[in-house]
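This report refers to the structure that appears directly beneath it.
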Amino acid sequence: MIEQFSIFTKGGRVLWSREEDAEMDMSGVNSLVQEVFLGERSGDDSYQIVYEASKYLLKWAFDNELDLIFVAVYPAILNNQSLKLIDSILSMVQQKFSKMWQKKASTLTARQMMEAIDFDDAYDDIVKKVQKTNLRQKSKPRDFKDTKKGSEKKKPNEAEKKKIEKKEEKKKEKEEARRKSILAKIGKKGRGGPGPMRKKKSVEKQAKPTAKKARNWNGDLTAEEAAKLDMGEKGGDAVSEDQRLEQFRQEYMPEGKIEFEPDDPSSSDDDDDEKASSSGFYSFFKSLAGQKPLERKDLEPILEKVKSDLTAKNVAVDIAEKITESVLTALVGKVVGTFGTIRGTVKAAVEKSLTRILTPKRVINILPEIQAAKREGRPYVIVFIGVNGVGKSTSLAKVCAYLQSKGLKVSIAACDTFRSGAVEQLRTHTKCLDARLFERGYNRDAAGVASDAIAQAKEMKDNVVLVDTAGRMQDNRPLMQVGWCNDTSTFFLF
């Protein structure tokens, strides 16, 4: 039934393993760790693998207090009754092994405990006990209420029908008497308050019809009409766009460059809540004495708030649910440390989960790649892709300022030839940043504009080309497969 059962720590050390098939290796468990546990999907019910053309399912349980993980591997063709047996075996193995591990943890090291704990006999006893219980339940006769006849509702006889009818009649008589008494009380007191409101007929003066004005087809405007159409600032000297741009540059970039400083994560909105929740002598004493292990009811209200915050930041609902469920699975049974709070523990777990998800699998450092492209005599291309309104052009300007601070020559390609004002927006950014702008206006082939921009950057010996694009959805295959810069190595930033 269970082809493989493994027990290991969250650090990756295998403490005990049993393989019913001698040829089955740990590749399925390794895949589970990489794709589910490290991918923050531990809240899922099961995980499927294919081993030697056969499908297997993996089910797991956590002991967060001892940082232990229990994994059972079984064929995917088992029926519901066998799945219940596997759940029972997994739960009983977790309880038994955790007790044995906790009993010897105070005196032995992890390696000594691995050698001291002989769990084979205990595992066999648990499996036999569960199978015997299952056979006993199968051989035991069913109760009458569990049978088809027992589940059917018993029909009342004639005498019982008459009793039921009399009870219903008495109930109706009581309700009618109560209703009449209420109406009688209302009639004695009389209905207070003003009478019905009547709408007064308002006599409105009918406006006299005015004569139709002749349309001015020549475009000649009077002084009053020109003043109404003038949406510029009233009063003051007229300031040109270049003068206004220079004023802003002196205000925000007085030295002609931007200094990039790391953010200060010390401030947090939850500090006040943590201080309020941990105030008082009792909370202080409780933090010293230790708390009981965390339960679902302790974590669910906080994680519900976390899920709503994630969805408010445009995270998909199903992704937010998987993240919170993964955090919940990782924290149930964990004991809050000294001077710790539940809110702080949940916050740290969510930050760790999001950091693990957002950390790329490969190191992304574009500066060495840019230098490599510079040595080869070609520009390094970065294409900004995303949905409408996500901030592609603004992020492009920030990346341009960062690259210029590293002493690189940057040119910008205006390949958003669809949105009105996209080219003008980039033109303003390039004026502020003293960068080169390549644009061909609107309603042009974006890939052709990008190719021409790269060719010009190569002639002008620019180091980086930043390509701005029109908004598109990531699941729109034709738009995502546009031939961007096929002749150069391109970094796509979504």
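The values are calculated or read from the model by the stated rules, or taken from the named source; none is laboratory data. This is a predicted model, so every value here is computed, not measured. We place every Cβ from the backbone using ideal geometry, glycine too, and count neighbours over all the protein chains shown. Please note that ligands, DNA and RNA were not included when accessible areas were found on the heavy atoms of the full protein model with its side chains. Shrake-Rupley method; radii C 1.70, N 1.55, O 1.52, S 1.80 Å.
The heavy atoms of Asp475 present about 120 square angstrom of accessible area, all protein chains included, probe 1.4 Å. If you take all other residues with their beta carbon under 14 Å from the beta carbon of Lys170, and give Lys and Arg +1 and Asp and Glu -1, the sum is +2.
Using bins of 10 Å that start at zero, the share of Cα-Cα pairs per bin across segment 366-482 amounts to 14, 47, 32, 6, in whole %.
Per-residue accessible area (protein heavy atoms, 1.4 Å probe) orders Lys55, Lys228 as Lys228, Lys55, starting from the largest. Taking Lys392, Lys352 and ordering them by how much accessible surface each has at a 1.4 Å probe, largest first, produces Lys352, Lys392. The largest accessible area among Val449, Val127, Val363, Val50 belongs to the first residue in Val363, Val50, Val127, Val449, and the rest follow in falling order (1.4 Å probe, all chains). Overall, segment 4-136 carries a charge dipole of about 560 debye about its Cα centre when +1 sits on the Cβ of Lys and Arg and -1 on the Cβ of Asp and Glu, all other atoms neutral. Just add up the charged neighbours of Val449: K/R +1, D/E -1, any other residue whose Cβ is under 13 Å from the Cβ of Val449. After counting each charged neighbour, the total is -3. Electrostatic tally near Leu66: other residues with Cβ closer than 15 Å to its Cβ, Lys and Arg +1, Asp and Glu -1, net +4.
Over 20 Å between Cα atoms: which of Lys305/Lys352; Lys84/Lys104; Lys59/Lys96; Lys59/Lys347; Lys297/Lys334; Lys55/Lys129 fall into that group? Beyond 20 Å between Cα atoms: Lys84/Lys104; Lys59/Lys347; Lys55/Lys129. Using a probe of 1.4 Å on the protein chains alone, the accessible area found for Cys400 is around 0 Å². Take each peptide in 431-443, 72-84, count the other Cβ atoms within 10 Å of every residue, and average; sorted highest first, the result is 431-443, 72-84. Taking segment 366-482 as the region of interest, the number of lysine pairs whose Cα atoms are within less than 18 Å, with members eight or more places apart or on different chains, is 12. For segment 366-482, what relative contact order do you get, as a whole percent, if you take Cα pairs closer than 8 Å and at least 6 residues apart? Normalised by residue count, the contact order of segment 366-482 is 41 percent.
For Arg136, the solvent-accessible surface with a 1.4 Å probe is about 140 Å², rounded to the nearest 10.
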